[in-house]
Amino acid sequence: APYIYDKVFIDKVYQPKLPELTSTRSVEVQLTTDEALINRAEAKIRLGDLAGGLADLNVWTQAYLRPGLAKRTFTQAEIEAYYNALPYADKTTRSPKKHLTKAHFKLHDGSTITEGTATEALLQYVLQCRRILTLHEGLRWQDIKRFGIDIYRWKKIDAGADTFEVPADGVLLGSDLRHAIALPQQAITGQIQQNPR
């Protein structure tokens, strides 16, 4: 029979799996089943199994969204209609829809993501679901780098009118070298080259 331990060994200290109120440490789950389900949905969509990816996304939304909502599962046609009606985010438009054509990967058939297709709409939906799920976990940066998404830093210019703009230096392009993480000094003392910045 498997043993269930009530403590885990972290930093040479036994930490309770369920911390008590007096605990000064926190336990963070590195990969949740929700995140694994969304990752699997993305993989299926990228492999061309749109129905399988949508089924995984519907399992997640059905469990994640409040039971009182009128609609907790969505069809491919509904998702396509929603994302096709949205404008792409740019310096003048705030939108959850991003340009994905600069992604650093190819689809199952060797092609790139084409705007206006079912694959693109479902990938937009995957990114939005993952963005909601992993809020405050710092995982958005991985999607930004993998899909080559441009980042726009919006700045409030008039508090009374609630207006925003993107300053001239407020754009980080998807191809910008600043996306690469700088290697620590100890790592580059050998023969490893520093990431270009």
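For region 167-197, the set of residues classified as in contact with a strand residue (DSSP E or B) (Cβ under 6 Å, 6 or more places away or on another chain) and farther than 16 Å from ILE144 by Cβ consists of PRO167 only. In region 151-174, the residue that is farthest from LYS106 (Cα to Cα) out of those that are in contact with a Lys or Arg (Cβ under 7 Å, 6 or more places away or on another chain) and not in a strand (DSSP E or B) is PRO167.
Could you please give the count of residues in region 37-93 that are touching a residue at least 24 places away in the same chain (Cβ under 8 Å) and of a type in the set (Asp, Glu)? Qualifying residue count for the region: 3. Of the residues making up region 96-150, those that are of a type in the set (Asp, Glu), under 12 Å from the mean Cα position of the chain (by Cα) and either part of a helix (DSSP H, G or I) or loosely packed, with under 12 Cβ neighbours inside 10 Å (or both) number 1. When region 138-188 is limited to residues that are touching a Ser or Thr at 6+ places or on another chain (Cβ under 8 Å) and either among the small types (Gly, Ala, Ser) or assigned by TED's automatic domain parsing to the domain that holds THR101 (or both), the one that is nearest to ILE113 (Cα to Cα) turns out to be GLY148. Which of the residues that make up region 151-197 are surrounded by 11 or more Cβ atoms within 10 Å (Cβ to Cβ), closer than 30 Å to ALA43 by Cβ and more than 19 Å from the chain's Cα centre (by Cα)? Across region 151-197, the qualifying residues are ALA182, LEU183, ASN195. Inside region 105-122, residues that are farther than 9 Å from GLU80 by Cα and among the acidic types (Asp, Glu) make up a count of 2. Quick one: is PRO19 in a loop (DSSP other than H, G, I, E, B), out of contact with any helix residue (DSSP H, G or I) (no Cβ under 9 Å at 6 or more places or on another chain), exposed (fewer than 13 other Cβ atoms within 10 Å of the Cβ) and at pLDDT below 90? When the stated conditions are applied, PRO19 passes them. When restricted to residues that are under 21 Å from the mean Cα position of the chain (by Cα) and assigned to a loop (DSSP other than H, G, I, E, B), region 65-79 contains 4.
Just one of the listed residues (LYS102, LYS44, LYS71) is charged (D, E, K, R), out of contact with any Ser or Thr (no Cβ under 6 Å at 6 or more places or on another chain) and under 25 Å from LEU173 (Cβ atoms), and it is LYS102.
The values are calculated or read from the model by the stated rules, or taken from the named source; none is laboratory data. Keep in mind that this is a model prediction, so the values were computed, not measured. For neighbour counting, all protein chains shown are included, and Cβ atoms are generated from backbone atoms with ideal geometry for every residue, glycine included.
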